[in-house]
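*Asks:* Structure incoming, see below.
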Amino acid sequence: MIETPPLVDQYCHGVLRTELGLGTFEAHLGRGEGPPAPGTTFFDTQTGFAVRRWCPPLLGLEPHCGPARYLARRRELGVLETGRRLLRATGIHTYLVDTGLPGDLTGPPELAAAGDAEAHEIVRLELLAEQVADTSGTVESFLANLAEAVHGAAAGAVAFASVEGAQGLGHAPEPPEAGEVRSAAARWLTTRWAERSAALRGGGNGGRLTDPVLLRHLVWIAVASGRPLQLHAGAGDPQCHVAAFARATAGLGTDLVLLHRYPYHRNAAQLAGAFPHVYADLGAPLVRTGARAAALLAEVLELAPFGKLLFSSGAHGLPELHVVGARLFGEALGRVLGG
């Protein structure tokens, strides 16, 4: 076995500040589109089993105790003490926190205090653009304010993250022309403002940023800032587009981190091996695959240099997911490299 060094959780979210009932806790184990099917439970998944194995002993219970008993112990200790006990048992000394998700989640300072660690902010590009749109009255002011906001955020953030950016690269990897950007901004802002009005009346989705031209423009502004850019995998994410973007950004001084790219993890590993500025991060898929985590990690390390694989938990909402992410990564690394 090898000894796992102190970890940097290089992509995660905050944890919930509120007490959790059984249903809410279980929903965060599944991350599905709805509750578990009748007669099933998310506690009986690879993630659920890992939580039940590793977390109860940290709260003074036996492994695999019943979910109701575990949640009762959580309530007995309280949210703050539960979070401290769990986070301080992870071996994580630094958290990089994507603050772009809604909900009553802790920010980087609170996560740092609970975990007796350091924590820094990752800025979500789409959310930043939507905030700028809501404070800009014209297309011209929006585009000027957007560039200023991204470069301003770079002064305090350790990285940028984009959930939709990889999809925006489908048209072309290069920056879009100025005319394309203005036309796309005009279309989106019109939709955004109309949707925002509808949302205030109880309808619409608020006009989320999904326009491929604007997304491409946005990621290229981020590239110009010099901060690392973390790209999520999307459904049906075409790897050739990501490869073309990696080639287009080579030598510019900005690192790309390919996040959570299961089942495209081998492609991400290949790109990490091919380009000096590209890194691979399995993240949440290790937590989801549980007992198969070592096999997944081995497939990535077949192609990626060992130093190009980054650790993250991808945790959101539950400190238990930080625990499981760290434990499974350490165990998988030991199996793959420690034999």
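The values are calculated or read from the model by the stated rules, or taken from the named source; none is laboratory data. Computed from a predicted structure; not experimentally measured. Counting neighbours? That spans all protein chains shown, and the Cβs are built from the backbone with ideal geometry, glycine included. Just the protein is used for accessible areas: all its heavy atoms, side chains included, with ligands, DNA and RNA removed. Shrake-Rupley method; radii C 1.70, N 1.55, O 1.52, S 1.80 Å.
*Asks:* Of the residues ARG261, ARG208, only one is of a type in the set (Lys, Arg) and either in a helix (DSSP H, G or I) or surrounded by fewer than 23 Cβ atoms within 10 Å (Cβ to Cβ) (or both); which?
*Replies:* Testing whether each residue is of a type in the set (Lys, Arg) and either in a helix (DSSP H, G or I) or surrounded by fewer than 23 Cβ atoms within 10 Å (Cβ to Cβ) (or both) leaves just ARG208.
*Asks:* Could I ask something else about it? Any residue in the stretch 35-54 that's closer than 15 Å to LEU22 by Cβ: show its pairings with residues that are open to solvent by 50 Å² or more (accessible area, probe 1.4 Å) and not in a helix (DSSP H, G or I) at Cβ separation under 6 Å, as long as the two are six or more apart or on different chains.
*Replies:* These pairs meet every condition: ARG52/HIS64.
*Asks:* Against the conditions (1) touching a residue at least 24 places away in the same chain (Cβ under 8 Å); (2) touching a Gly at 6+ places or on another chain (Cβ under 8 Å); (3) open to solvent by 60 Å² or more (accessible area, probe 1.4 Å), where does ALA161 fall short? Just the number, please.
*Replies:* For ALA161, the exception is condition (3).
*Asks:* Can you confirm whether ALA315 is part of a loop (DSSP other than H, G, I, E, B) and hydrophobic (A, V, I, L, M, F, W, C)?
*Replies:* It is true that ALA315 is part of a loop (DSSP other than H, G, I, E, B) and hydrophobic (A, V, I, L, M, F, W, C).
*Asks:* Scan the stretch 28-60 residue by residue and report those that are in a helix (DSSP H, G or I) and of a type in the set (Val, Ile, Thr).
*Replies:* THR47, VAL51
*Asks:* Looking at this structure, is VAL257 in contact (Cβ under 8 Å) with a residue 24 or more places away in the chain, within 16 Å of the chain's Cα centre (by Cα) and within 24 Å of VAL213 (Cα to Cα)?
*Replies:* When the stated conditions are applied, VAL257 passes them.
*Asks:* Further question: So for the stretch 65-77 (the condition being free of Cβ contacts under 8 Å to residues at least 40 places away in the same chain and open to solvent by less than 20 Å² (accessible area, probe 1.4 Å)), does at least one residue qualify?
*Replies:* Within the stretch 65-77, one or more residues are free of Cβ contacts under 8 Å to residues at least 40 places away in the same chain and open to solvent by less than 20 Å² (accessible area, probe 1.4 Å).
*Asks:* Take the conditions within 17 Å of GLY317 (Cα to Cα) and not charged (D, E, K, R) and apply them to LEU77. Does it pass?
*Replies:* Here the answer is no, as LEU77 does not meet what is asked.
*Asks:* Collect the residues in the stretch 1-36 that are farther than 25 Å from GLY103 by Cα and either surrounded by fewer than 19 Cβ atoms within 10 Å (Cβ to Cβ) or not hydrophobic (A, V, I, L, M, F, W, C) (or both), keeping them in residue-number order.
*Replies:* MET1, ILE2, GLU3, THR4, PRO5, PRO6
*Asks:* Still on this structure, please answer the following. When the stretch 264-286 is examined, which residues are found to be more than 17 Å from ALA332 (Cα to Cα), at pLDDT 90 or above and either assigned to a strand (DSSP E or B) or open to solvent by 40 Å² or more (accessible area, probe 1.4 Å) (or both)?
*Replies:* GLN270, GLY273, ALA274, PRO276, VAL278, TYR279 - these are the residues of the stretch 264-286 that are more than 17 Å from ALA332 (Cα to Cα), at pLDDT 90 or above and either assigned to a strand (DSSP E or B) or open to solvent by 40 Å² or more (accessible area, probe 1.4 Å) (or both).
*Asks:* When the stretch 164-180 is examined, which residues are found to be surrounded by 21 or more Cβ atoms within 10 Å (Cβ to Cβ) and among the hydrophobic types (A, V, I, L, M, F, W, C)?
*Replies:* ALA166, LEU169 - these are the residues of the stretch 164-180 that are surrounded by 21 or more Cβ atoms within 10 Å (Cβ to Cβ) and among the hydrophobic types (A, V, I, L, M, F, W, C).
*Asks:* Moving to a separate point now. Which ones in the stretch 297-318 are open to solvent by 10 Å² or more (accessible area, probe 1.4 Å) and either closer than 17 Å to GLN46 by Cβ or touching a Lys or Arg at 6+ places or on another chain (Cβ under 9 Å) (or both)?
*Replies:* Result: ALA298, GLU299, GLU302, LEU303, HIS316.
*Asks:* Which of the residues that make up the stretch 29-52 are touching an Asp or Glu at 6+ places or on another chain (Cβ under 8 Å) and among the polar types (S, T, N, Q)?
*Replies:* THR41
*Asks:* For GLY325, indicate whether it is open to solvent by less than 20 Å² (accessible area, probe 1.4 Å), in a helix (DSSP H, G or I), out of contact with any Lys or Arg (no Cβ under 9 Å at 6 or more places or on another chain) and of a type outside the set (Lys, Arg).
*Replies:* yes
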